[in-house]
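A.B. asks: This is the structure I have questions about; it appears just below.
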Amino acid sequence: MASSMAVDKPRAPKIDIDEYLTLASFRNLYSRKLWHQLTLKLFEFFDHPLSKPYRVDIYDKFVRDFDSRLNQLRLVEMGVKVSKELDNPQKHLEFLTDLLSRVDTGKAPEAHVLLLASIAHAKLLYGDLEGTKSDIDGAWKILDELSGVDNSVNAAYYGVAADYYKVDKGGYAAYYRNSLLYLACIDPAKDLTADERLVRAHDLAIAAFLAETIYNFGELLMHPILDALDNTPVEWLKKLLFTFNEGNIGKFESLSPLFPQEAILQENYSFLRQKICLMALIESVFKRGASDRTMSFQTIAQETRLPLNEVEHLLMKALSLKLIKGSLDQVDQKAYLTWVQPRVLSVEQIGQLAQRLALWGEKLHKVEERIAPEVLVNG
C-alpha cells in the first residue's frame with residue numbers, strides 16, 4: 001500500500017539530458033559574452049513546446065540579468081511566450097508592461113510595436129476596449145513609418161486590430177481589412193487550427209456582407225481560408241459571397257431562407273437587399289461595352305428587380321460609393337455611365353469578357369482594312 005502511494009505521488013517536472021545540455025550551453029555562451037549566439041539559442045529553447053514549464057524561471061532568473069544585450073525583437077518574442085505561462089491575467093499584463101519599460105523604442109521600434117500589440121491583446125481580454133484602442137493606435141504610429149517589418153510583428157498588430165474591430169460594434173470594414181492583412185502575415189494551414197480557420201472564414205464572410213464600404217470581395221474570394229467553410233453547416237455563406245460578387249439577385253433570393261441561421265444577416269436583410277441590387281447594377285454595367293453604357297432607368301429597374309421609382313436613388317448611392325462614374329438625366333430617365341469598379345471575375349464572367357475582346361478585335365481588324373488595306377496586303 002505504501003509502495004503504491006509512493007508511485008502515485010505527484011513529482012516535480014524534470015528536464016531530460018538534452019535540456020541539461022541546453023542549459024549548459026546557455027552558461028557557456030553567457031560566460032564568453034556571445035550575445036548573438038545566446039539570443040539564437042534562447043529563442044530556440046523558448047520556442048520549443050517542452051520548454052513551457054521552465055520559461056518563467058529561466059526568464060526571471062537568467063535572461064533578465066542581461067536582456068539589454070540581446071536582440072530586442074527576439075527578446076520581446078521570448079517575453080510574449082513567457083507571459084502566456086502566467087495564469088493570472090493581472091500578472092500577465094504587468095509582465096508585458098514591465099518589459100515595455102525596458103525596451104528602447106528608438107533603437108528597437110519593431111520590438112516596441114510587438115509589445116504594444118501584445119499588451120493591447122491582454123487589455124482586450126480584460127474588456128478594456130479604450131486601453132486596447134489606445135495601444136493599437138500607438139503601435140500603428142510606429143509601424144506606419146517602418147519598412148521591411150518582420151512578419152511576426154505585422155501578424156501581432158493586424159491580429160489584435162482585427163480582434164478589436166470584431167468586438168467593436170459596426171467595425172465590419174476595419175475587421176475585414178485587418179483580418180485579411182493578418183492572414184497575409186501567417187500560414188493559416190500551419191498557424192491556425194481547423195476550428196480557428198472556420199471561425200476566421202465565417203467572420204470574414206459576415207464582415208464582407210455587412211460592411212457599408214466593401215463591394216469588392218476579390219481578395220477574400222481568392223483566399224484559401226474560405227475552404228474552411230466547405231462541408232460545414234455554414235458552407236452556404238461561401239455560396240452567398242460568390243452570389244454577391246456576381247450580382248445575381250435570383251441566387252440571393254434562393255439563399256435568403258437560410259438567413260435566420262445567422263441572426264445578424266436576418267436583422268440586416270434590408271441592407272443586404274440594397275447591396276445585392278448595387279452589385280447587380282455593377283454587373284449590368286460591366287457586361288456592356290464602353291460604347292454601350294447609356295442605360296435607361298427602365299433597363300436598370302429590370303436588371304436590379306427594383307421598382308422604377310427607386311432606380312434613381314440606387315444610382316445616386318452607387319455614385320456616392322464610387323462604384324460607378326457618370327451622370328444622370330432625370331428628365332429622360334437615363335444614366336450615362338463611363339466607368340465601373342474593377343472586380344474579380346468568375347469563370348463565367350471571364351468567358352463573357354473573352355467574347356467581348358474577340359468582338360472588339362474583329363471590329364479593329366475591319367477598321368484597319370478600311371483605313372490601310374495596303375498595309376495588310378504587304379504584311
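The values are calculated or read from the model by the stated rules, or taken from the named source; none is laboratory data. Note that the coordinates shown come from a computational prediction; the quantities given were computed from them, not determined experimentally. No Cβ is skipped: glycine too gets one built from the backbone with ideal geometry, and neighbour counts run over all protein chains shown.
A.B. asks: Given region 191-255, what helices (runs of 4 or more DSSP H) lie entirely inside it while holding 2 or more residues that are under 17 Å from residue 277 (Cα atoms)?
C.D. replies: Passing ranges, in order: 194-210, 235-246, 249-255.
A.B. asks: Given the criterion modelled with pLDDT of 95 or more, surrounded by 12 or more Cβ atoms within 10 Å (Cβ to Cβ), closer than 30 Å to residue 234 by Cβ and not charged (D, E, K, R), identify the matching residue among 276, 282. Step through it out loud before you land on a result.
C.D. replies: Details: 282 fails: modelled with pLDDT of 95 or more.
276 is the lone residue from the list that is modelled with pLDDT of 95 or more, surrounded by 12 or more Cβ atoms within 10 Å (Cβ to Cβ), closer than 30 Å to residue 234 by Cβ and not charged (D, E, K, R).
A.B. asks: What number goes with the only condition from (1) modelled with pLDDT of 95 or more; (2) out of contact with any Cys (no Cβ under 7 Å at 6 or more places or on another chain); (3) more than 30 Å from residue 271 (Cβ to Cβ); (4) surrounded by 17 or more Cβ atoms within 10 Å (Cβ to Cβ) that residue 150 does not pass?
C.D. replies: Condition not satisfied by residue 150: (1).
A.B. asks: Looking at (1) under 21 Å from residue 238 (Cβ atoms); (2) of a type outside the set (Val, Ile, Thr); (3) at pLDDT 95 or above, which one does residue 164 not meet, given that it meets all the others?
C.D. replies: (1)
A.B. asks: For residue 181, are the conditions met, namely being under 30 Å from residue 139 (Cα atoms) and surrounded by 18 or more Cβ atoms within 10 Å (Cβ to Cβ)?
C.D. replies: On the way: under 30 Å from residue 139 (Cα atoms): yes; surrounded by 18 or more Cβ atoms within 10 Å (Cβ to Cβ): no.
No: the conditions fail for residue 181.
A.B. asks: Scan 95, 66 and give me the residue that is farther than 24 Å from residue 148 by Cα, touching a helix residue (DSSP H, G or I) at 6+ places or on another chain (Cβ under 6 Å) and not small (Gly, Ala, Ser).
C.D. replies: Of the residues listed, the single one that is farther than 24 Å from residue 148 by Cα, touching a helix residue (DSSP H, G or I) at 6+ places or on another chain (Cβ under 6 Å) and not small (Gly, Ala, Ser) is 95.
A.B. asks: Look at region 168-178 and say how many of its residues are in a loop (DSSP other than H, G, I, E, B) and surrounded by fewer than 17 Cβ atoms within 10 Å (Cβ to Cβ).
C.D. replies: Result for region 168-178: 3.
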